[in-house]
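The values are calculated or read from the model by the stated rules, or taken from the named source; none is laboratory data. Keep in mind that this is a model prediction, so the values were computed, not measured. We place every Cβ from the backbone using ideal geometry, glycine too, and count neighbours over all the protein chains shown. The protein model used for the area step is the full one, side chains on, heavy atoms only, and it has no ligands, DNA or RNA in it. Shrake-Rupley method; radii C 1.70, N 1.55, O 1.52, S 1.80 Å.
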Amino acid sequence: MIKITKELIDEHGINDKEYSFILESLGREPTITELGIFSAMWSEHCSYKSSKTWLKKLPTSNDKVIQGPGENAGVIDLGDGDAAVFKMESHNHPSYIEPYQGAATGVGGIMRDVFTMGARPVALLNSLRFGDINHSKTKHLLTGVVSGIGGYGNCMGVPTVGGEVEFNACYNDNILVNAMCVGIAKINKIFYSKASGIGNSVVYVGSKTGRDGIHGATMASAEFDDSSDEKRPTVQVGDPFAEKLLLEACLELMKEDIIIAIQDMGAAGLTSSAVEMASKGNVGIDLNLDKLPCREALMTAYEMMLSESQERMLMIIEPEKEKEAKSVFDKWGLDFATIGVLTDTNHIVIKHESEKKADIPLNILESGAPSYNRPYKIVTNPEVDQSYLLKSDKKIIDILKKLISSPNLCSRRWVWEQYDHMVMNDTILRPGGDSAIIRVHGTNKALAVCSDSTPRYCAADPTEGGKQAVAESWRNITSVGAKPIAITDCMNFGNPEKEEIMGQFAGVINGMVEACEILDYPVVSGNVSLYNETNGKGINPTPAIGGVGLLESLDHFSTPNFKRTNENIIILGDTKGHLCQSVFAYEIFGDSQGLPPKVDLILEKKTGDLVRNLVTKLKIDTVHDISDGGLLIALTEMSISGEIGFQLNIDKSNLNYSFLFGEDQGRYIISVEDKNLNDAIEYIKKSNISYLNIGKTNGKKIKIDRDNEIDIEELRDLYENWFKSYLKSN
């Protein structure tokens, strides 16, 4: 028997107060298996002990939400009996240690969250953050992560349709790999994880259990240090071909009236799936690990319970239906084993080799888990006069060339071309735009999906940054003409035990709450990843927002590329020229002073509603929101993607850095044919939204004024070749 020592308790991430509660609750010293179970279930990754008091503030419902947070994924109503099921999760720590497998198993895990609820995955997205481009590990991590995402998603036959990539030195030692999956299900065939029925069987299906991934949840709840490379054994190994079999087997069985409850084995493996299912159903669960399918010899109960081997599920099935269920999994060549039974004890009892290895009241694992109201301090940058950012003698066209070819504004084509984004044949609008569009198979309606975050804004002003992250997602869904419905989030932050880091989390949540409420854009699922720090240095606060909206009809939608010459280019929304925290300030001046632009959420909603009306009623088909880099970057992207130039016709007082590169929020660019111009202006004026007609599409050049013009092809070369040049360089 292993002796429980202070050192062993510390290794499991359990503090003195928590251990005292364990002793008091059990009335005895825990076994090593029980210590491992407490460690996993009480980790930040599983219990949200530092964040749940704040997460409860988030709006989680509207008239389209079927299932909010608390299940494997969120569910929204798409009408006609269809539902979208979606979630975003992090796999940050594993991806830093082993980028290919870390990213691949992140994709595999998020897909299981979706098909566990009865939905067929139809789209994958991601939100990726890497360190400085000159850091020694950045190229290795970038190529490994992108390969892992593509390798798993492509093998599964699920298109990867959108995402974002950012480089910043704050991620040098803590990259972020957030994966999102969206699936489609029938509303009357949604499956949940609440176990029920005393005497019903606990059934294990999928791949066999090995020793990979042990302590994955606790590793994801601790800071890194110089020894982090030694943690390679905690990274799971994925097999997308096994997951494809598991997907098809589960969906086949779900057509019948057999499954009572189902849960994937993600973080903390069999421990979390068994505990969560029984706790939700207010029942007990007895497990006999002698029956667990294992691929390695002499595994202990501790290892079996904490393994995070991939491609596994736990089901609750009536005993008399086991034979029928087993035949499905036999057909697909997957393990099917009855490993336990539901009881009326409200305990989890684990037996192995005729010994009781654990006997824990479930209420102390779930409702009894620690919850901390950590002290916090919301810190913002001081406001500065931005006039110093206007003092440069660089030509506008030279600045445009530098920005469009910079790591954080250049085309991500190199990334998304490694993903199969057209498989399943329902991708209507591929990566590279504001939102991807995915047809709801067999219908004329579609989903609009995107992922967004602006960490530099959140670092400078957490509350304003939180608002902006949600508003940017809402704007991108709106830009294609879809109605934004709900979001999933992945909250990536540093060490919550530090007041300023906890303040970042609190501030971002406050901002998100306000934006979600005003925009009627609730959070239905998500994940929190804390302790993204190495040697005491944390990342920028990074709330990744995954947005989902509905396009009622594919007969008409908008895209962000110019389509015809001689069209009027109109800016919707106020341009005041806010340069602090802009990409312009970072790239041209190396500056990170000041506050981000304010988000007027009431105006944001009015402007977005106007855009949607222009698309659906006036059939405007070219819309692009103005975000990173400002107006001129947005126009250039529209030009390059449409292979049509433009000529600006604006007052000379506006031919300045702030007008062209400022990042004021809530703005869109539309292009309108002359024949529709009067109707469009009438709509805009009725909505009482500021607008400016700034020029026309024309030719193959970008013409700003007499001294600033350039061929589109020259800009395209700069825009689309940065990744290739970077990866070829020494």
In nm, what is the difference between 0.36 nm times the number of residues separating Ile198 and Glu713 and their Cα-Cα distance?
178.5 nm
Over region 375-459, with every protein chain in place, what whole percent of the accessible area is carbon and sulfur at 1.4 Å, could you tell me?
48
CD proxy, 222 nm, the chain: helix-only mean residue ellipticity via -39,500 (n - 2.57) per DSSP H run with n ≥ 4, per residue, nearest 500, stands at -10500 deg cm²/dmol
Mean projected area (nm²) from the convex hull of Cα positions in the chain is 30.1
If each residue of separation counts as 0.36 nm, what is the full-extension length gain between Asp63 and Arg564 once their alpha-carbon separation is subtracted?
176.5 nm
Taking a 1.4 Å probe, which of Tyr100, Tyr457 shows the most accessible area, and what order do the others take after it?
Tyr100, Tyr457
Ignoring ligands, DNA and RNA, please state the percent of accessible area on region 527-627 from carbon and sulfur, probe 1.4 Å.
47
If we count every other residue with Cβ under 12 angstrom of Met41's Cβ, Lys/Arg +1 and Asp/Glu -1, where does the sum land?
-4
Based on the Cβ-Cβ distance of Lys701 and Glu417, what FRET efficiency does E = 1/(1 + (r/R0)^6) give at R0 = 22 Å, to the nearest 0.05?
0.20
I'd like the Karplus ³J(HN,Hα) series for region 252-257: coefficients 6.51, -1.76, 1.60, θ = phi - 60°, whole numbers in Hz, and an x wherever there's a Gly or Pro.
5, 5, 5, 6, 9, 8
Please give the per residue accessible area of region 1-108, computed with a probe of 1.4 Å over protein heavy atoms only, in Å².
39
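If you add up the charges near Glu248, with Lys and Arg at +1 and Asp and Glu at -1, over every other residue whose beta carbon is less than 11 angstrom from its beta carbon, what do you get?
+1
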Picking from Leu692, Met111, Leu718, whose Cα lies most toward the positive end of the charge dipole for the chain (charges on Cβ: Lys, Arg +1; Asp, Glu -1)?
Leu692
Dipole of region 45-86, positive direction: furthest Cα of Gly68, Tyr48, Gly79, with charges on the beta-carbon:
Tyr48
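Taking a 24 Å limit on the Cα-Cα distance, which of the listed pairs Lys189/Lys467; Lys186/Lys323; Lys617/Lys696; Lys52/Lys280; Lys280/Lys351; Lys445/Lys617 fall beyond it? Intermediate results must be reported in sequence, preceding the final value.
Working: Lys189/Lys467 35 Å; Lys186/Lys323 26 Å; Lys617/Lys696 22 Å; Lys52/Lys280 17 Å; Lys280/Lys351 22 Å; Lys445/Lys617 17 Å.
Checking Cα-Cα distances, Lys189/Lys467; Lys186/Lys323 exceed 24 Å.
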With a 1.4 Å probe and all protein chains in place, put Trp416, Trp42 in order of accessible area, largest first.
Trp416, Trp42
Non-local amide H neighbours of Val122 (under 5 Å, H modeled in plane, Pro and chain starts lacking H): which ones?
Val182, Gly183, Ile184
Among Met638, Leu610, Gly573 - extreme Cα towards positive end, dipole of region 565-648, charges at beta-carbon
Leu610
Calculate the dipole size of the chain relative to its Cα centre from +1 charges on Lys and Arg beta carbons and -1 charges on Asp and Glu beta carbons; express the result in debye to the nearest 20.
1200
Aspartates and glutamates whose Cα lies under 17 Å from that of Lys56, excluding same-chain neighbours fewer than 8 positions away
Glu44, Glu71, Glu366, Asp489, Glu514, Glu517, Asp520
Using the structure shown, select from Lys64/Lys598; Lys357/Lys537; Lys49/Lys291 the pairs with a Cα to Cα distance greater than 31 angstrom.
Lys357/Lys537; Lys49/Lys291
So for Lys394, Lys56, what's the accessible-area order with a 1.4 Å probe, most first?
Lys56, Lys394
If you plug each phi of region 680-692 into the Karplus form 6.51 cos²θ - 1.76 cosθ + 1.60 with θ = phi - 60°, what whole-Hz ³J(HN,Hα) values come out, in order, with x for Gly and Pro?
5, 4, 5, 4, 4, 5, 4, 7, 6, 10, 5, 8, 8
Just grab the label-to-label distance for Lys52 and Leu677, each label 7 Å out from Cα along the Cβ direction, in nm (one decimal).
6.0
If ligands, DNA and RNA are left out, what is the accessible area of Trp414 with a 1.4 Å probe, given in Å² to the nearest 10?
50
Would you mind computing, in nm to one decimal, how far apart the modelled labels at Asn346 and Lys323 are, each placed 7 Å from Cα along Cα→Cβ?
3.7
Projected label distance in nm at Ile258 and Lys537, using a 7 Å step from Cα toward the beta-carbon
5.4
